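For reference, the structure is listed below as structure tokens.
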Amino acid sequence: WPLWIQADRMRTAGTMWTRRVSRTRMSASLPTSSEPIIRSWRTALADYLASGEYSRLIQRARRTYAQQARQLYEKLRSRLPAGSTCYLPQGGKMLWVELPAHQDTLELYHRCRDLGLSFSPGCLYSALGNYSHCFRLNYSHWNEQVEAGLEQLLDFIHPSAPGFTRGT
């Protein structure tokens, strides 16, 4: 059991069973002298969770990720070639992009990787080789370097970029 779940159970339920299970699990992996330290950490963690600060942190992260998803989505919509689609996710940290069927994102991946750009080619998500014209982009860590990399990626995707079609 993760420590935070155990801390929450100890704090709210306080049952003898929970304490006994907790003590058994702890004593199996830690020296006896560490138990007061662990108890202090559990109490501190339970207090932190009860304070609402963790909930505020999660809400801030959700707002940030939603903003970054929207930013990436709008950038892609304005620059992708005709026949492309991108999907704005309702959660998570990845955006799915569908390019026209003749484009090969595995080939694009290899070209981009040599420049230090990274994304997940769609063929990784199909055992049958489908989605070779699709890819996933992570938008969780947005900065100027990522923005510059996205511009390079979009330059490669542009229909006038040479050598970006699926081979026979």
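The values are calculated or read from the model by the stated rules, or taken from the named source; none is laboratory data. These numbers were taken from a predicted model, which means no experiment stands behind them. Positions of Cβ are generated from backbone atoms using ideal geometry, with glycine treated the same way; all protein chains shown enter the neighbour counts. Areas reflect the complete protein model, heavy atoms only, side chains present, ligands, DNA and RNA absent. Shrake-Rupley method; radii C 1.70, N 1.55, O 1.52, S 1.80 Å.
Provide the convex hull volume over Cα atoms per residue for the range 35-123, in Å³.
Working: hull volume 14.0 nm³, N = 89.
So the per-residue Cα hull volume is 157 Å³.
For LEU106 and MET94, calculate 0.36 nm times their separation in residues minus their Cα-Cα distance, and state this gained length in nm to one decimal. Write down the numbers at each step before the final one.
Values: separation 12, 0.36 × 12 = 4.32 nm, distance 1.76 nm.
Answer, rounded to one decimal: 2.6 nm.
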By accessible area (1.4 Å), largest first, VAL97, VAL146 order as VAL146, VAL97
In what sequence, largest accessible area first, do ASP47, ASP155, ASP104, ASP114 appear using a 1.4 Å probe? ASP114, ASP155, ASP47, ASP104
Sorted by accessible area with a 1.4 angstrom probe, largest first, how do LEU45, LEU99 fall? LEU45, LEU99
Just the number please: accessible area per residue for the range 98-140, 1.4 Å probe, all protein chains included, in Å². 52
Which value, in Å² and to the nearest 10, is the accessible area of HIS102 when all protein chains are kept and the probe is 1.4 Å? 100
Take the Cα of LEU128, step 7 Å along the line toward its Cβ, and report every residue of the range 78-113 whose backbone nitrogen sits under 20 Å from that point. 97-106
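For SER140 and ARG79, compute 0.36 nm times the residue count separating them, minus their Cα-Cα distance, and round to one decimal in nm. Don't skip to the end; give the middle numbers.
Details: separation 61, 0.36 × 61 = 21.96 nm, distance 2.04 nm.
Here the segment from SER140 to ARG79 would lengthen by 19.9 nm.
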